[in-house]
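*Asks:* My structure is below; once you've seen it, I'll send some questions.
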Amino acid sequence: MDKSRHVLMIGDQRLTASAALSLKQYSWQFQRTSCLVEAKRLLLTSPPPLGIVVMEPSYTMPSLELERLLSLVPCTLWVALLGADDLQEYQARAFIARHCHAYLILPLNPDKANHVLESSLTISEVLATHSGACDFSAAPGCKGEMIGRSHAIHKLLKDIEKIALVDAPVLITGESGTGKELTARLIHEHSPRHGGPFNAINCGALPAGLIQSELFGHEKGAFTGAGKCKVGIIESASGGTLFLDEIGDLPMELQVNLLRFLEDHRIQRLGSLHEIAVDVRILAATHVDLEQAIRSGDFREDLYHRINVLQARMPPLRERPEDIEALATHYFQKFRAESPYRVRGFNHDSLVTMRQHHWPGNVRELVNRIRRAMVMCEERLITPDDLGLERRKNVIRTRPSLEDIRNCAEREAIAAALARNRNHALHAAQDLGISRATLYRLIDKHCVPRPLDSRA
């Protein structure tokens, strides 16, 4: 029997049994239940392409739990089964408009019902193909929750695979909202330490007076209120990974203690005279320029070199616009159950507008806008207005020329070489395999800030 012809029927057992019997000649296979808990289990275990929901008379209209259930699996299309009189009720028509692809009238006409189911099945197959059969974790370009097919994400995933195998400190850089903690978790999950704990701490969120106690722990009576011994976050991560988010916000006095730990992997609890050996890998992340923080005296240079043994850079969303549709679709499916309406996706204008938006909040902003739009949208497709984005007017979209691409590549290569060589012009030129004079000519051509040692 063709599994694509499976249909889940929810509702009164007498009505579903009668409907299943009349359609048996058309080779449909039915699973019937009147229990919403059982229906949810069946949907999540093996989502059918089609479902039939029996709508009771208007005085017992479908509950909110049923509405959420029908939105649980986006690839299942629902067909309402109701009486002709009930179809005239406003609530019934609104329910069908929000959640159903079609409806059937009782008493059931077998030939017409088969035609409706056949047509709905065709649409369900198209939706399943378009959405990757509702399995985004197995879709090409997805690894865990790292969604995207862009060159930037492909490079990042390759870097993560290499970094995960080496038990050395890692500095993850990138703007706020790009997913630095996600990268840290992927490194941990693909490392030999994946069986151990993953502890994350936001260095900028802890009260200044408690940071040392939180990180290193304390003994009973170490200070007022210390009624019992406490194991610190570093010690509790032994055998696993410690992720220090926003390490650039760590106070200077704590930077000294952290540096000592990185040197010998030993800690000393507050109030203790003994050191404890801790086997833990350090991953750190920041959205600030730590080199600038070093120059301003806000971050220790020796600590920077300790945590920056390996580095992973999270690209901002504006650098990978080709991933925006995949990200939007992924989070649309993730939060679909929260939508009170049968929202199908995004219209063309919203996809274009999302690609044009600058996304200062990166993926975090994208997620927030999509989640809000799914709740507020009253149509089948989300529009730019639902997302709170304005379409750019009179924008002429042209493809970059070969000269534009070449200039962009040269500019990025020069800036990267200067950064690697601490703005030393001669070393940067040697790194690029060009003369110093050529380097200066390209710096002027692309308006790259000139290095300080211009006569070096």
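*Asks:* State, to one decimal in nm, how far the label point of LEU72 lies from the label point of GLU403, with both points 7 Å from Cα in the Cβ direction.
*Replies:* About 6.0 nm, to one decimal.
*Asks:* Next up: Separation between the GLU118 and MET376 pseudo-spin-labels, each 7 Å from Cα along Cα→Cβ, expressed in nm?
*Replies:* Result for the modelled spin labels: 4.4 nm.
*Asks:* Defining a contact as two alpha carbons under 8 Å apart and six or more residues distant in sequence, what relative contact order in percent does the chain show?
*Replies:* Values: 698 pairs, mean separation 56.2, N = 456.
Reported as a whole number, the value is 12 percent.
*Asks:* Once Lys and Arg get +1 and Asp and Glu get -1 on their Cβ, which of LEU36, LEU258, VAL288 lies farthest toward the positive end of the dipole of the chain?
*Replies:* Going by the Cα projections, it comes out as VAL288.
*Asks:* Counting Lys and Arg as +1 and Asp and Glu as -1, each charge on the Cβ, what is the dipole of the chain about the Cα centre in debye, to the nearest 20?
*Replies:* In debye, rounded to 20, the chain gives about 660.
*Asks:* Dipole magnitude of the range 317-387 about its Cα centre, charges +1 at Lys/Arg Cβ and -1 at Asp/Glu Cβ only, in debye to the nearest 20?
*Replies:* On the way: 12 positive and 11 negative charges, 51 e Å.
Value, rounded to 20: 240 debye.
*Asks:* State to the nearest 20 debye the size of the charge dipole of the range 248-336 about its Cα centre, where the only charges are +1 on K and R beta carbons and -1 on D and E beta carbons.
*Replies:* Numbers: 12 positive and 15 negative charges, 66 e Å.
Result for the range 248-336 is approximately 320 debye, rounded to the nearest 20.
*Asks:* Next question, about the same structure. Please quote Rg/Rh for the range 317-387 to two decimal places, taking the Kirkwood radius as Rh and restricting both calculations to Cα atoms.
*Replies:* Rounded to two decimals, Rg/Rh equals 0.93.
*Asks:* Within the chain, which whole H helices from DSSP have a Cα span along their axis of at least 18 Å and a mean Kyte-Doolittle hydropathy of 0.0 or more, if any? Write down the numbers at each step before the final one.
*Replies:* Details: long enough: 110-130 (30 Å, -0.09); 151-164 (20 Å, -0.03); 252-264 (19 Å, 0.16); 362-376 (21 Å, -0.13); 402-420 (27 Å, -0.06).
Long hydrophobic helices here: 252-264.
*Asks:* Hey, what's the per residue convex hull volume over the C-alpha atoms of the chain, in cubic angstrom? Intermediate results must be reported in sequence, preceding the final value.
*Replies:* Working: hull volume 99.6 nm³, N = 456.
Hull volume over Cα atoms, normalised by residue count, gives 219 Å³.
*Asks:* Additional query: Work from the charge dipole of the range 176-329 (Cβ charges, +1 for Lys and Arg, -1 for Asp and Glu, about the Cα centre) and give the residue of GLY196, LEU186, ALA222 farthest towards its positive end.
*Replies:* Result: ALA222, furthest along the dipole toward the positive end.
*Asks:* Starting from the Cα-Cα distance between LEU210 and GLU322, subtract it from 0.36 nm times their residue separation and give me the gain in nm to one decimal. Mind showing how you got there, number by number?
*Replies:* Values: separation 112, 0.36 × 112 = 40.32 nm, distance 4.34 nm.
Gain in length upon complete extension: 36.0 nm.
*Asks:* Please name which of TYR90, HIS6, ALA20 has its Cα lying farthest along the dipole of the range 3-130 towards the positive end, using unit charges on Cβ (Lys, Arg +1; Asp, Glu -1) and the Cα centre as origin.
*Replies:* Farthest along the dipole direction, towards plus: HIS6.
*Asks:* In addition: Which far-off residues, 5 or more places away or on another chain, put their amide H under 5 Å from the one on LEU381, with H placed in the peptide plane?
*Replies:* Sorted by chain and number, the residues that satisfy this are ARG344.
*Asks:* Pulled fully out, how much extra length does the chain show between PHE223 and LYS162, if you take 0.36 nm times their separation in residues and subtract their Cα-Cα distance? Intermediate results must be reported in sequence, preceding the final value.
*Replies:* Numbers: separation 61, 0.36 × 61 = 21.96 nm, distance 4.38 nm.
The PHE223-LYS162 span can extend by a further 17.6 nm.
*Asks:* Restricting to DSSP H runs of at least four residues, report the calculated mean residue ellipticity at 222 nm for the chain, -39500 (n - 2.57) per run over all residues, nearest 500 deg cm²/dmol.
*Replies:* -12500 deg cm²/dmol
*Asks:* Once the piece of chain linking ALA277 and HIS446 is laid out straight, how much longer is it, given 0.36 nm per residue of separation minus the C-alpha distance between them?
*Replies:* Answer, rounded to one decimal: 55.7 nm.
Laboratory data are not the source of any read-out in this text; all were calculated from the coordinates shown. These numbers come from a predicted model, not from an experiment. Positions of Cβ are generated from backbone atoms using ideal geometry, with glycine treated the same way; all protein chains shown enter the neighbour counts.
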